[in-house]
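Coordinate-derived values only; no laboratory data. As the structure is a computational prediction, the values presented were derived from the model and not from experiment. Because the Cβ atoms are built from the backbone with ideal geometry, glycine has one as well, and the counts that use them run over all protein chains shown.
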Amino acid sequence: MSILLKIFIAVSIIILATELSKKNTTLAAILLAMPIVLFVSFTLIWEESKDSQKIALLTHETLMFILPVIPFLFLLSYLLRTGVSYYTSLGISTIGITFATLIVQKYFLHS
């Protein structure tokens, strides 16, 4: 599949979420929480490889990397609600996600 089509799909989802957030943050959050990018990516990988084991491994590894993100979404929300600046909150959350992801990679992924 053309790389331009892949870029178009990804950018379309980002733009849709951004524009939707201007009107309704709840709907934008639902769109962002939906695994649209995952399903589209898995489908594109499947169409290119027809390798179910690759998709199974990718699904497992994706799950393992999503788990450390969840607590830091709460942290980002908390920091912003308590008046910490956006970029400082994002930086703190990103550092936390990075360390949590490294821990998951080191101790929970046995590739």
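Each Lys or Arg adds one and each Asp or Glu subtracts one; over the other residues with Cβ under 14 Å from the Cβ of Lys6, this totals -2. Couplings 3J(HN,Hα) of region 31-41, computed from phi: 4, 5, 7, 5, x, 4, 4, 4, 5, 5, 4 Hz, in residue order, whole Hz [Karplus 6.51 cos²θ - 1.76 cosθ + 1.60, θ = phi - 60°; x for Gly and Pro]. Each Cα pair under 8 Å and six or more residues apart adds its sequence gap; the mean of these over the residue count of the chain is a relative contact order of 19 percent. Charge tally for Leu16 (other residues, Cβ to Cβ under 15 Å; Lys, Arg +1; Asp, Glu -1): +1. For region 12-111, applying the loop criterion from DSSP together with a ceiling of 15 other beta carbons within 10 Å to the chymotrypsin sites (Phe, Trp or Tyr not before Pro) yields Phe108.
In order along region 7-14, the Karplus-derived 3J(HN,Hα) couplings, from 6.51 cos²θ - 1.76 cosθ + 1.60 at θ = phi - 60°, round to 5, 4, 4, 4, 5, 4, 5, 5 Hz, and Gly and Pro are given as x.
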